[in-house]
Amino acid sequence: MSDKILTNREPLRSGLDLEAMHRPRARNGRAPDPHVPGGWFPMREHREDEAVDFAIVGTGAGGGVLAARLAEMGFSVVAFDAGPYFRPLEDFASDETAQSQLFWTDRRVTDGENPLKLGSNNSGKAVGGSTVHYAMVALRQRPESFRSRTKQGFGADWPVDWREMWHYYAEAEEALKISGPISYPWGPSRPRYPYRQHDLNAAALTLAKGAEKLGIKWTETPLATLSAPRGKSPPCVYRGFCRVGCSTNAKQSMLVTFIPRAIKAGAEVRDLAMVGRIETDKQGLATGLHYHRDGAWRFQRARNVVVAGYAIETPRLLLNSASDRHRHGLANSSGLVGKYLMTQSNVAVWGEMDEEVRWNKGPPSLAITEHWNYDDSKDFFGGYIHMSQGPLPVEWASVHTGARGLWGKALQDEMAKYNHMVGLKMVGEMMPQERNTVTLADEEDQYGLKVARVTYSWCDNDKAMIEHSLDFMGRQLEASGARNVWRQPDDTNHLAGTARMGDNRRTSVVDTNCRSWDVPNLFVCDGSVFPTTGGVNPSLTIQALALRTADRIQALARRGEL
Amino acid sequence: MISLPDLLMPSRSGRDARARRALATLSRQASALRSAPRVPAVLAPKGPPAAKSVVVGSAQKLNQASGVLAFSVLTDSALEHYRGSFRNRAMFTPLVVSTLALAASVHGTADDRPDVHVARDVVFGLTALTGLIGTGFHVYNVGSRQGGYRWLNFFYRAPIGAPMAIAISGVLGNMSERLRRTPRGTPPTLYGLDAGKALSLFTALSLAGTTGEAWLLHFRGNFQNPFMYTPVTIPPASGALLADAALRGGASRRSAARAGMIATALAGLAGTGFHMRGVARMMGGWRNWTQNLLDGPPIPTPPAFTGLALAGLAALDLLERRDD
Ligand SMILES: Cc1cc2nc3c(=O)[nH]c(=O)nc-3n(C[C@H](O)[C@H](O)[C@H](O)COP(=O)(O)OP(=O)(O)OC[C@H]3O[C@@H](n4cnc5c(N)ncnc54)[C@H](O)[C@@H]3O)c2cc1C
Ligand code: SF4
């Protein structure tokens with residue numbers, strides 16, 4: 001298949017390099033250097049028949065960080081990703097449609113009362129995972145979020161102390177050179193962000209104005225894109241293509257930060273390598289994994305396996321790895337693999353300004369308020385943030401065609417207002433519910449693997465939070481001078497849950513070390529271990545947890561408990 | 001325009017041939033540069049030209065200092081205000097004024113007559129005033145946006161200290177004119193103070209202010225390159241040495257201050273090089289110069305330190321004379 005495309009030189013449907021999408025690039029002892037056009041890093045390679053210390057499935061926010069840290073600690077590591085190894089400087093087009101190749105668009109089934117819309121908003125398929133096209137908002141959960149059950153009366157407690165998490169947050173922020181305000185207005189004091197905040201665009205200033213009118217605090221959003229040069233990464237150029245991949249490398253995605261670190265430290269990355277099954281022996285221990293690369297199934301032996309495929313692919317892989325000893329799927333004696341799936345509500349209000357705004361200029365969410373995360377006088381559990389917005393034109397058109405059902409002249413008229421639009425969008429904590437699940441459907445994907453069925457329904461608390469946010473954001477947008485304010489009440493984004501961590505093997509899938517209760521040489525390192533999802537975007541928490549998991553693994557190894 | 005060995009050399013009464021040669025060169029270059037007509041007869045010094053005094057030599061050095069500053073401001077405000085699309089008509093002012101100040105400075109550098117030149121004097125006065133008014137504009141601009149006087153706006157709105165550079169240029173020019181007027185045989189004074197001391201303290205203060213501006217913008221850039229600490233260490237330290245030499249006197253203090261000023265002058269020039277490299281590190285580098293000259297580190301600003309160092313060296317000449 002790849003040969004045909006290469007020899008035929010078919011007209012490119014996308015601006016992306018088709019070769020990267022059909023032929024692995026990381027091989028023959030080298031891997032692409034994303035900072036240098038045509039450049040390579042030397043890469044250590046591992047034999048398949050020799051067990052590596054760690055085989056990691058997924059190279060996103062969780063897997064990417066863990067691969068680097070474990071390699072730096074001296075473990076032998078091979079990290080697999082189903083997606084391509086992109087060179088942003090050469091491969092990324094300034095074209096929304098072309099860039100859809102960054103999303104996980106393999107077949108999945110969705111149902112429930114509020115089926116999730118999967119794709120651009122909640123997935124990634126590339127070396128670097130979803131961070132290659134994420135919006136870079138890098139937030140810490142408030143301390144009480146790690147004790148939701150005891151402190152706030154809902155969900156479940158994390159088996160981790162918030163101070164420990166905050167320590168690792170600082171480490172993650174430093175590693176990504178997060179650009180943020182000099183002092184953050186909410187929560188316990190934190191160190192100054194490594195890089196200074198970005199300037200605000202007009203859309204962000206609108207949020208500030210509305211917040212000041214309503215008497216709530218706002219600040220510049222801490223972002224994983226540079227406000228000053230760093231090594232070979234230039235500072236952000238404020239062109240606003242972030243959610244379809246950053247072609248300058250200003251964005252500190254895993255692809256330009258931890259992946260190069262991992263490779264330099266001796267890890268091997270295998271791109272276009274879809275892991276289909278984790279193999280276990282008679283004792284129930286993992287022995288390696290089956291993966292599909294170059295058109296064939298292969299097997300890599302490993303002493304430990306880490307799953308980091310995010311909240312849908314992680315449970316899917318565990319369920320697809322059922323064996324005689326693990327009949328209901330790997331690591332599933334609790335029966336909780338795939339349960340307690342959480343998304344975050346992402347509803348919005350939109351309005352028009354008289355003056356030109358040009359909201360797409362710059363990273364999409366330059367200003368933020370965490371007011372409703374830290375104010376506890378609410379009639380619902382959990383909290384939310386809300387931020388300024390800047391959707392690109394195609395994305396914006398799809399809001400009209402989707403949420404509003406506009407077409408033809410009506411759509412044209414709306415699109416003509418593009419440069420005058422402003423909006424506020426929340427990221428809100430949805431409740432962990434056992435009935436929200438990832439299970440296996442009967443259908444199979446292109447590899448012959450059972451696809452995931454994703455079932456989702458909102459609970460009353462979710463609805464109350466959405467109503468609260470729409471009402472508040474609407475008032476704020478009007479206070480900032482916007483006219484014709486309207487609501488988009490159905491959007492969701494980030495995922496979490498499905499392999500929750502906990503103190504008790506009956507009520508959780510992994511322990512505080514993110515190690516499976518059932519299979520001691522199996523770890524999970526991604527958003528699926530979250531017991532609750534908190535009212536902030538998840539990536540920094542995933543990265544902080546991955547840093548912590550690496551330290552935990554090192555401690556286990558030192559005690560001979562691996 | 002500047003010949004470094006000449007600038008760095010301490011001047012002595014009864015100048016040696018080297019200084020005269022260098023000045024002659026400067027003056028030739030300056031007359032080539034200026035388009036202004038010869039000094040009108042009324043303004044020309046009366047009587048036969050006397051041997052040039054140290055004071056006039058220092059005045060000319062001050063003209064070099066004010067000229068370097070004016071040139072830095074001219075190019076910087078041209079870039080930055082172009083970036084701001086000259087949204088406000090007043091944004092043309094620093095261009096016009098710094099051009100005039102530059103012309104007056106060149107003229108003064110070439111003019112070794114011990115007398116005030118009215119046109120120059122007016123230009124320098126106007127220049128100083130412009131700097132003050134500009135500062136008012138910039139202060140207003142910072143506070144006028146959402147959030148008011150918060151770090152964000154200090155970082156990204158009009159740079160609050162920039163207009164002071166042109167004010168300093170004006171004051172140095174004004175001092176130069178005052179110095180020229182010194183009657184033979186009397187110790188030079190500025191605004192009622194001993195000239196060497198006044199100029200030293202003013203220079204030290206200006207260095208401190210300019211350091212503040214550099215600190216703010218380099219802090220915004222997170223001191224991501226260790227060399228970004230240069231303008232926030234060498235100039236203020238040298239300024240302190242200069243103030244020390246002025247207040248406590250002594251040859252060794254003066255030599256230390258002189259070394260500091262030379263280092264500051266060189267740091268200013270090196271800064272230009274670093275800023276050029278900074279432009280190269282932006283997305284697209286120099287190939288994308290139309291954008292990166294505006295968005296990268298401002299190339300014209302570091303020489304402001306060189307200008308101030310020249311003023312410091314002139315001050316040291318005066319101190320030397322006083323203490324001798
Ligand atoms: C458009 C968008 C914007 C976002 N914006 C933000 C934001 O501003 N702030 C924030 O905090 N978060 C944001 N997120 C969410 C954030 O990107 C994710 O929460 C985070 O990346 C999840 O990390 P992860 O390691 O769990 O999974 P991912 O980063 O998604 O990585 C999983 C990787 O595993 C690979 N994989 C999965 N299964 C297999 C398999 N079987 N074999 C081989 N490889 C496999 C996938 O290809 C993928 O590369 C955004 C997400 C999207 C999509
Ligand atoms: S706005 Fe900045 S972070 Fe976003 S794509 Fe452009 S350069 Fe990258």
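The values are calculated or read from the model by the stated rules, or taken from the named source; none is laboratory data. On a predicted model such as this, the values are computed, not experimentally measured, just so you know. Every residue, glycine as well, gets a Cβ built from its backbone with ideal geometry; the counts of neighbours run over all protein chains shown.
When the test is whether a residue is under 23 Å from A:Ile278 (Cα atoms), at pLDDT 95 or above and in contact with a strand residue (DSSP E or B) (Cβ under 8 Å, 6 or more places away or on another chain), A:Gly534 does not pass it. Look at (1) away from ligand 1 (no atom under 16 Å from the Cβ); (2) in a helix (DSSP H, G or I) and you find that A:Glu173 fails only one, number (1). Evaluate the following for A:Lys213: is it more than 9 Å from chain B (Cβ to nearest Cβ), over 25 Å from A:Ala126 (Cβ atoms) and assigned to a helix (DSSP H, G or I)? Yes: the conditions hold for A:Lys213. Screening A:Met421 against (1) out of contact with any Gly (no Cβ under 9 Å at 6 or more places or on another chain); (2) more than 18 Å from A:Glu467 (Cα to Cα) leaves a single unmet condition, (1). Scanning the stretch B:126-141 for residues that are within 14 Å of B:Ala70 (Cβ to Cβ) and of a type outside the set (A, V, I, L, M) yields B:Thr127, B:Thr130, B:Gly131, B:Gly134. Would you call A:Leu318 modelled with pLDDT of 95 or more, more than 11 Å from ligand 1 (Cβ to nearest atom) and either over 25 Å from A:Ala26 (Cα atoms) or among the small types (Gly, Ala, Ser) (or both)? Spelling it out, it is not the case that A:Leu318 is modelled with pLDDT of 95 or more, more than 11 Å from ligand 1 (Cβ to nearest atom) and either over 25 Å from A:Ala26 (Cα atoms) or among the small types (Gly, Ala, Ser) (or both). When A:Leu495 is tested against the conditions (1) at pLDDT below 95; (2) outside any loop (DSSP other than H, G, I, E, B), the lone failure is (1). With the structure loaded, tell me whether B:Gly192 is surrounded by fewer than 21 Cβ atoms within 10 Å (Cβ to Cβ), free of Cβ contacts under 8 Å to residues at least 12 places away in the same chain, within 30 Å of B:Arg321 (Cα to Cα) and more than 14 Å from chain A (Cβ to nearest Cβ) or whether it fails that test. Yes.
A single entry from A:Leu522, A:Leu495, A:Leu470, A:Leu477 fulfils the requirement of being surrounded by 17 or more Cβ atoms within 10 Å (Cβ to Cβ) and within 21 Å of A:Trp104 (Cβ to Cβ): A:Leu495.
For the stretch B:213-270, the candidate set comprises residues that are closer than 30 Å to A:Pro181 by Cβ and of a type in the set (Ser, Thr, Tyr); within that set, the residue that is nearest to the other protein chains (Cβ to nearest Cβ) is B:Tyr229.
When we screen A:Ser253, A:Ser227, A:Ser189 for residues that are in contact with a helix residue (DSSP H, G or I) (Cβ under 9 Å, 6 or more places away or on another chain) and away from ligand 1 (no atom under 14 Å from the Cβ), the only hit is A:Ser227. Comparison of A:Val109, A:Val127 shows that the only residue that is away from ligand 2 (no atom under 16 Å from the Cβ), hydrophobic (A, V, I, L, M, F, W, C), within 30 Å of A:Ala20 (Cα to Cα) and touching a Gly at 6+ places or on another chain (Cβ under 9 Å) is A:Val127. When we screen A:Ala296, A:Ala262, A:Ala286 for residues that are without any contact (Cβ under 8 Å) to a residue 40 or more places away in the chain and either buried (at least 24 other Cβ atoms within 10 Å of the Cβ) or under 19 Å from A:Gly448 (Cα atoms) (or both), the only hit is A:Ala296.
Matching residues to (1) assigned to a loop (DSSP other than H, G, I, E, B); (2) not hydroxyl-bearing (Ser, Thr, Tyr):
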{"residue": "B:Arg87", "(1), (2)": "yes, yes"}
{"residue": "B:Pro94", "(1), (2)": "no, yes"}
{"residue": "B:Ala101", "(1), (2)": "no, yes"}
{"residue": "B:Thr109", "(1), (2)": "no, no"}
{"residue": "B:Gly136", "(1), (2)": "no, yes"}
{"residue": "B:Tyr149", "(1), (2)": "yes, no"}
{"residue": "B:Gly170", "(1), (2)": "no, yes"}
